[in-house]
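Scroll down for the structure; my scribbles are underneath it.
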Amino acid sequence: LTEIYSSSPALGRYFRSAQVISFSNESSTVIYQLVFSVPPSVEGFMENSMNPDFIRNILRQNIYDED
């Protein structure tokens, strides 16, 4: 995750860290925390760039690009 988000053209400059919060072998579930340094009051930044769907899609795109 660190490599994916730190190299992202859209979020790389804001990305600070990724940490696994919990992991389940039984269900193959990982809960992680991403930390970003958000610029002060940039119009639309939180609604667009920090939108959970946008952040998730960066990870999805990386997975698709690997295939």
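Accessible surface calculations at 1.4 Å, restricted to protein heavy atoms, place the range 1-65 at 74 Å² per residue. Estimate the FRET efficiency between Glu26 and Leu1 by the formula 1/(1 + (r/R0)^6), using the beta-carbon distance for r and 22 Å for R0, to the nearest 0.05. With a Förster radius of 22 Å, E is 0.55. Under 5 Å from the amide H of Ser17 lie the amide H atoms of Val35, each residue being 5 or more positions distant or on a separate chain, with H modelled from the backbone and absent for Pro and chain starts.
Surface composition of the chain: carbon and sulfur make up 49 percent of the accessible area, probe 1.4 Å. Ordering of 42-53, 18-29 by packing is 42-53, 18-29, highest average first (other Cβ atoms within 10 Å, averaged per residue).
Evaluating 6.51 cos²θ - 1.76 cosθ + 1.60 at θ = phi - 60° for every residue in the range 38-53, the Karplus couplings come out as 8, x, x, 6, 8, 4, x, 4, 5, 6, 9, 6, 9, 5, x, 5 Hz, glycine and proline recorded as x. Taking every alpha-carbon pair under 8 Å whose residues sit at least 6 apart, the chain reaches a relative contact order of 28 percent.
The values are calculated or read from the model by the stated rules, or taken from the named source; none is laboratory data. Only a predicted model underlies this, so the values are computations on that prediction, with no experimental measurement involved. In this analysis, Cβ positions are derived from the backbone assuming ideal geometry, glycine residues included, and neighbour counts consider all displayed protein chains. For the accessible areas, the whole protein counts, side chains as well, though only heavy atoms, and no ligand, DNA or RNA atoms are used. Shrake-Rupley method; radii C 1.70, N 1.55, O 1.52, S 1.80 Å.
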